[in-house]
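S.K.: Sending over a structure as structure tokens; questions will come in a sec.
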Amino acid sequence: MWPPDPDPDPDPEPAGRSQPGAAVPGLRALLPARAFLCSLKGRLLLAESGLSFITFVCYVASSASAFLTAPLLEFLLALFFLFADAMQLNDKWQGLCWPMMDFLRCVTAALIYFAISITAVAKYSDGASKAAGVFGFFATIVFAIDFYLIFNDVAKFLKQGGSADETTADKAEEENSDSDSD
């Protein structure tokens, strides 16, 4: 899907009859691949962005409109990470620490959603505030699952990297040490 096909079909079909597998030019090139959207990370990012948008709409309609900035920012950040992961920007921009940025985004989102959801449910009595609080709790759970999975991936990576470095360092130390202690 990405990048778009450089040589389009030389003999296009008339309008109304299109091939089922034909690529549609235009904005479809910007859509994430189906394989990514079906992966666990893709589904989590879709859930995060969907719940953030629903929570944002609920806060707009409620009397707790002071809290609408956090879901809006989390919605935009989730969309950014969705498209960044789908377009594999983490491979293209090596200077950024993508797992750490994603981890911090998820941790802060879970904490902020938890705090504003408790406040929205406890302090405000209208139905939209209560709905925003409930969707905020669901978003807290989804963000917590995401940061737990990111943490496990980073921990596995560091354990593998750390153990490989230690064995290499131990071998180098053994080779460089003097065995003439007599």
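The values are calculated or read from the model by the stated rules, or taken from the named source; none is laboratory data. These numbers were taken from a predicted model, which means no experiment stands behind them. Note that each Cβ is placed from the backbone with ideal geometry, even for glycine, and that neighbours are counted across all protein chains shown.
S.K.: Identify all residues within the range 61-115 that are modelled with pLDDT of 90 or more, within 10 Å of the chain's Cα centre (by Cα) and within 15 Å of Ile150 (Cα to Cα); write none if there are none.
M.R.: Ala78, Phe103, Arg105, Cys106
S.K.: Give me the helices (runs of 4 or more DSSP H) completely within the range 56-153, filtered to those with at least 2 residues that are surrounded by 19 or more Cβ atoms within 10 Å (Cβ to Cβ), ordered by residue number. Before the answer, list the steps.
M.R.: On the way: elements: 69-86, 89-92, 98-123.
Counting at least 2 such residues, we get 69-86, 98-123.
S.K.: With (1) in contact (Cβ under 8 Å) with a residue 40 or more places away in the chain; (2) over 30 Å from Phe157 (Cβ atoms); (3) of a type outside the set (Val, Ile, Thr) as the list, and Tyr113 as the residue in question, which single condition is left unmet?
M.R.: Checking Tyr113 against (1) in contact (Cβ under 8 Å) with a residue 40 or more places away in the chain; (2) over 30 Å from Phe157 (Cβ atoms); (3) of a type outside the set (Val, Ile, Thr), the one that fails is (2).
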